[in-house]
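Structure first, then comments.
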Amino acid sequence: MSHKTEIIQGDCAEVLKSFADNSFDLIVTSPPYADRRAQTYGGVKPEQYVEWFLPRSEQFLRVLKPAGSFVLNIKEKAENGERHTYVLELILALRKQGWYWTDEYIWHKKNSYPGKWPNRFRDSWERCLHFTKSRKFKMNQEAVMVPMGDWAETRLKSLGKNDVVRYDSQVGSGFGKNIANWAERTMAYPTNVLHFATECGNKNHSAAFPKALPEWFIKLFTDEGDWVLDPFVGSGTSVEVAKKLARNAVGIDVLAEYCEMARDKVEDKQLALLQKRAKYGVTHES
Ligand SMILES: C[S@@+](CC[C@H](N)C(=O)[O-])C[C@H]1O[C@@H](n2cnc3c(N)ncnc32)[C@H](O)[C@@H]1O
């Protein structure tokens with residue numbers, strides 16, 4: 001079955017107006033961060049960030065299906081010795097707009113640049129905020145299971161009597177555990193901390209996702225044939241991954257050069273070459 005991928009140039013606030021309500025199963029994106037990259041595409045002041053974002057997220061809310069998810073990769077910077085609060089303000093504003101703030105995943109950047117600051121350590125994580133339209137949403141937890149590793153083996157060697165029978169937690173939470181249940185299992189559910197290395201070096205976009213990041217969320221929140229949207233698509237990573245995973249995808253970027261870069265990734269290269277040759281009358285390799 002063939003899947004559709006489309007890259008559209010424009011401001012996502014405007015472009016999305018031409019899409020019907022409830023069109024997408026997942027929105028996964030990394031927007032311009034406040035005050036970053038003012039020379040190219042960013043430059044929204046931290047104080048105006050929420051105001052800038054809300055008309056766009058209003059469209060996201062409209063085009064997302066009721067059981068869909070919106071994953072927002074973002075991180076506030078530090079200035080004058082403290083962190084900005086615009087991401088926290090954005091979370092509150094999005095809740096008021098009608099989103100559920102379902103969870104927060106941490107992207108641990110395994111290979112972040114070393115450095116030294118007088119008042120903090122190097123920043124090696126970003127937020128991936130998970131918003132939904134309702135409390136019931138699609139989540140394929142089995143699709144992102146991880147190998148148990150040797151945790152179970154080590155832990156099971158020293159089982160206490162509380163580990164082998166289900167018992168009520170002593171803190172009265174009503175939850176119990178039976179670690180012996182894990183004895184035969186080879187796979188476990190992951191945590192909400194994702195350890196991926198950045199891949200900026202080979203990408204021509206200064207803030208590109210590592211492929212593993214959108215891949216994890218696409219597997220978790222969509223099925224084959226579902227629709228994925230990245231409204232700030234940049235170099236096209238998320239759409240490229242969605243295509244590879246047999247999902248339909250739409251990417252939007254305000255800059256023509258990024259749209260070109262993204263199209264290069266998702267277009268059928270052979271077909272594009274044949275079309276170019278037909279256009280210019282070239283019939284063989286020169
Ligand atoms: C952080 S980058 C995204 C990088 C992307 N995740 C990747 O893997 O390459 C943000 C992108 O948003 C685009 N952008 C900024 N304002 C926009 C707007 N109003 N509508 C659509 N795209 C916009 C920028 O041109 C930039 O490419």
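Please treat every number below as a calculation from the coordinates, not as lab data. Everything numeric in this text was worked out from a predicted model, so none of it was measured. Virtual Cβ from ideal backbone geometry, glycine too; neighbours counted across all protein chains shown.
Considering amide H positions built from the backbone, and no H for Pro or chain starts, which residues 5 or more places from Ala249, or on another chain, come under 5 Å of its amide H?
The list, which skips near neighbours in sequence, is Lys4, Thr5, Glu6, Val228.
For the range 62-132, list log₁₀ I(q)/I(0) at each q in 0.21 Å⁻¹, using the Debye formula over Cα point scatterers of equal strength and ignoring solvent, two decimals each.
At q = 0.21 Å⁻¹ the computed log10 ratios are -0.97.
Can you list the trypsin sites (Lys or Arg not before Pro) in the range 66-143 that are in a DSSP coil and have 10 or fewer other beta carbons within 10 angstrom?
Loop-located and lightly packed - Lys116, Arg135, Lys136.
Is there a pair in Lys109/Lys211; Lys96/Lys133; Lys65/Lys96; Lys75/Lys136 whose C-alpha atoms are over 23 Å apart, and which pairs would that be?
Lys75/Lys136
Can you give the FRET efficiency for Tyr100 and Trp182, using 1/(1 + (r/R0)^6), R0 = 22 Å, r = Cβ-Cβ distance, to the nearest 0.05?
Here the calculated transfer efficiency is 0.10.
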